[in-house]
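Heads up, the thing below is written out as structure tokens.
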Amino acid sequence: MESKSNKNPIEDPENTVFYHGTKADLKPGDLISPGFSSNYGSRKKAAYVYLSATLDAATWGAELALGEGKGRIYVVEPTGPIEDDPNLTDKKFSGNPTKSYRTQHPIRVSGEIIDWQGHSPEQLQTMKDHLERLKALGIEAIED
């Protein structure tokens, strides 16, 4: 799939491995589609599905997703065009160092990363505290 963004095109989209972190229990072949409640913030209906070409960004997704299940990281394949995730690019970081993307098309689960390493409890708490500060300011973690 090609990136819509001209700022940071994916160099080799056909050979790029994409990940999605969540707490949902999914199987290969399942589709993750926009239109469901977001895993973050006020859980409003998500207009996009998010994916990353880095395991670290997907780890944050798995750790910060709402819900009681364990965090999971899936290998996913976009089924349509993807674009840079504006929540993590340019406004917050120059370019797209987290290689984070979004799409309005489903992404297909092709596998699961079982042996991933989470962030330290201190790093996780620092991120949760930061998100709480943003929430208190009325800033959603996910913008559409």
Could you point to the residue in Gly80, Gly118, Pro97 farthest towards the positive end of segment 13-136's charge dipole, with +1 and -1 charges on the Cβ of Lys/Arg and Asp/Glu respectively? Gly80
Whole-Hz couplings from phi, Karplus 6.51/-1.76/1.60, listed for segment 58-74; x for Gly and Pro: 5, 4, 4, x, 5, 6, 9, 4, 6, x, 9, x, 6, x, 9, 10, 10
Residue-by-residue Karplus 3J(HN,Hα) for segment 97-109, coefficients 6.51, -1.76, 1.60, Hz, glycine and proline x: x, 7, 6, 9, 9, 9, 8, 9, 10, x, 10, 9, 6
Simple SL model, points at 7 angstrom along Cα→Cβ for Ser120 and Lys70; separation in nm is 2.4
Gain in length, Asp30 to Lys128, computed as 0.36 nm per residue apart minus the alpha-carbon separation, to one decimal in nm? 32.4 nm
Once you've got the Cα coordinates, tell me which of Lys45/Lys135; Lys23/Lys45; Lys99/Lys135 are over 21 Å apart. Lys99/Lys135
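No lab work stands behind these numbers, since they all come straight from the coordinates. What you see is a predicted model; the values in this text were computed from it and never measured. Here Cβ is always computed from backbone atoms with ideal geometry, including for glycine, and neighbour counts include all displayed protein chains.
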